[in-house]
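Some notes on the structure that comes next.
The values are calculated or read from the model by the stated rules, or taken from the named source; none is laboratory data. If you're wondering where the values come from, they're calculated on a predicted model, not measured in any experiment. As a convention, Cβ positions derive from the backbone with ideal geometry for all residues, glycine included, and neighbour counts pool all protein chains shown. Heavy atoms of the whole protein, side chains included, go into the accessibility calculation; ligands, DNA and RNA do not. Shrake-Rupley method; radii C 1.70, N 1.55, O 1.52, S 1.80 Å.
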Amino acid sequence: MPKKPAKNGFFFYMLEWQQRAEASGKKKLSLAQVQEQAGPSWTAMNAVQRAPYLEKAKQSKLSGGDGVKLTSQGIPVSQIDAERREKEEHEAAIINRLKAMLETASQNDTLESLDFFIISFAYFCVNSDGDYLPAEMAVVRFNLKDGVHAKLHMLINPGCLPLGMAYDAQQHANDDHQLPTPPDALGESDFDIINDKLLQFLGYNNGRIPLLFTERDDVAKVENMLRGIFGISVTKDQLGVGSLADMFFHLKRATEKQGLDTQTFGSVHRAQLLITKDIYDYTVGIACDYHETNCNVKNCALSRCVRWGYVIADNCCMDLCIELQPGKHVPANADTTSQYATPAYNSNISSSGAYDTDDKSYVSFATVSRVTSPFYGGSSSNGGYRANSTVPCNDSTDSKVDVKRPVKLEYESPLSVGEPMAKHQHRDLDLQSNYAWSAVSGTSSTSRGRGRGLLLGDLSVLGAAGRGKLK
C-alpha cells in the first residue's frame, strides 16, 4: 500500500488558522472552507513568516508523512492523550482533597461550619490563543451553619479587545451579562488589584489556595480566567477548581451520614440536576447593583454563586437539623416556619414530566413568587411568560400544599399516623418494608432532632417536597 503524501507548509498553516478561527467563536469549518479563507493570508506572507510551517512540512516528509499520528486538526494523538490523562489526574486530586476535607470535618464534628468557596465569572470573548477576557467575577464563602456569609464581587475591564473581536464580544454580552463592552467596560482594569483582593478573600498566604467550585461546564473557563488574574503569584499546581456538583454530592453524602445514614443522592447527576434546575434564578436582592438596576439578575455572577449556595443549603441543612435563615440559606422572602419537610429525589425519576412544572420549588416545594418564577413577563418558547425581576415580592401567592413525608417506623413519633404507603408508589424496593407515609402537622420538621434524615420520595407521584412557601 503506497504511503500517504507528505503535507506541505500550507497544510499546517491551514490547521493553525482553523484552530484560531474556532477559538474565536466561529462555527466549525471544513478543510475546503479553511483552504479558501486562509489562502489569501498565506499568499501575503513572506518567507520568514512561512518558515515555521515549512519546517513542520519538512519534518513530516522526513518521517514519511506518517511518523507521528495526527488528529484531523493536525495535533499529535500522543499530545491529546497526555492532556487527557493530566486532566483526569487533576480532577481526581480535587475529588480526593474534597473527600479528605469532609472526612476530617465529620470526625471533628465541624461539618456544619466547614467553609466552601463558590466562584463564577462572566466574560466578553475568547481570543485567538483560547484565553477568556473576564467581565465580572464573584466569589462567596458558604457553610451549612451560616449559609452565604461573605461575598466578593468585582466588575472587570480587561482593556482593549483583540482586533476583530468587538462583534463577538457585543453578541455575547447581549445574550448573557449585558455589561458594556470595551472600551466602555466598567470596573477594575488593574489585574494586580484584582489579584490582591481575591487572594486576600481566599485567605492565601504563600501556600495552596482553598478549593474553588463552579458549574461543571465552566470549570475550564474559570481556571483560564483565574490564571490570567493570578499570573505567577499562584502556580498551576496550587490552583484547584472543581465541579460544584461534585462538592454538592459529596457534602450531601456526608450530611446524611450524620442522620439515618441513608443515601438519597444515588450519583453526582442528582446534584447536577438540582443545580441545572436553578429554581431561584429570578430572585431579586442577591445580584450586584448593576444587574439589579438593569433587571438581569439571572445572569449576574454574584447572583449565580448565591443561588447555588441556597440550593445546597436547602438540601443539606435539614440533615444536620440546621434551621434555614432567610437571606443566608434561602431567599429573603422564603417562609422557613413551614411545617412541610423535604423528601429527596427518587433515582427512577424520568428527565421529563416531574421537572416540567415551574411554579413550584423542587427543593423546597414552595409556591414560587412572581419574582422567582421563570414564567411571568415576556414570552417564552413554551407559551408561558418570562419573569420580570422588578416585580415586587408581595404579589406572590399564599397557597400551601399539603405534603406527606416518609417517617422511619422504628422511631415512633407523635406526629406519625402510621398509614402504610402503597407499594406501587415506592420504586426503591429495599426501603419498601421500612417506611410509611405520614402527614406532618404542628411543628417544623427540623424540631425532630438529628436522626430524621431525608428519605427517598417519588416525584412522579409527589411532585416534590418542601421547606414551605415563599412569602
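Can you give the local net charge around Ala271? Use residues other than it whose beta-carbon is closer than 12 angstrom to its beta-carbon, Lys and Arg +1, Asp and Glu -1.
Details: positive: Arg216, Lys252, Arg253, Arg270, Lys277; negative: Glu215, Asp246.
The answer is +3.
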Q. Using θ = phi - 60° and the Karplus form 6.51 cos²θ - 1.76 cosθ + 1.60, what ³J(HN,Hα) does each residue of the range 107-116 get, whole Hz, x for Gly and Pro?
A. 5, 8, 6, 10, 4, 5, 9, 6, 7, 10
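How much of the accessible area of the range 165-248, in percent, comes from carbon and sulfur atoms when a 1.4 Å probe is used?
On the way: 1820 of 4110 Å².
It is 44 percent, rounded to a whole number.
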(Q) What is the sum of charges, Lys and Arg at +1 and Asp and Glu at -1, for the other residues whose Cβ falls under 11 Å from the Cβ of Phe201? (A) +2
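Can you give the local net charge around Thr255? Use residues other than it whose beta-carbon is closer than 10 angstrom to its beta-carbon, Lys and Arg +1, Asp and Glu -1. Intermediate values should be presented prior to the final figure.
Values: positive: Lys252, Arg253, Lys257; negative: Glu112, Glu256, Asp319.
Taking every other residue near Thr255 into account, the sum is 0.
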Q: Averaging sequence separations of C-alpha pairs under 8 Å and six or more residues apart, then dividing by the length of the range 175-316, give the relative contact order as a whole percent.
A: 19 percent
Q: Mind grabbing the accessible area of Tyr290 for me, 1.4 Å probe, Å², rounded to tens?
A: 60 Å²
Q. Whose amide H sits under 5 Å from the amide H of Gly240, counting only residues 5 or more places off or on another chain, with H placed in the peptide plane?
A. Leu212
Q | Phi to ³J(HN,Hα) by Karplus 6.51 cos²θ - 1.76 cosθ + 1.60 over the range 52-59, Hz, x for Gly, Pro | A | x, 6, 5, 5, 4, 5, 5, 5
Q. Using θ = phi - 60° and the Karplus curve 6.51 cos²θ - 1.76 cosθ + 1.60, what whole-Hz ³J(HN,Hα) does each residue of the range 28-36 get, with Gly and Pro shown as x?
A. 5, 10, 6, 5, 5, 5, 5, 4, 5
Q | By average C-beta atoms within 10 angstrom, highest first, the peptides 55-61, 45-51 | A | 55-61, 45-51
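Using the per-residue mean of other Cβ atoms lying within 10 Å as a proxy for protection, in what order, highest first, do the peptides 296-304, 326-334 fall? Intermediate results must be reported in sequence, preceding the final value.
Details: 296-304: 24.0, 326-334: 21.1.
So the order, starting with the most tightly packed, is 296-304, 326-334.
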Q: Rounded to the nearest Å, what's the spacing between the alpha carbon centres of the range 103-141 and the range 202-279? Just the number, please.
A: 7 Å
Q: Mind ranking 243-254, 101-112 by how tightly packed they are, going by the mean number of other C-beta atoms within 10 angstrom, highest first?
A: 243-254, 101-112
Q: Can you tell me the relative contact order of the range 67-199? Whole percent, Cα pairs under 8 Å, sequence separation 6 or more.
A: 16 percent
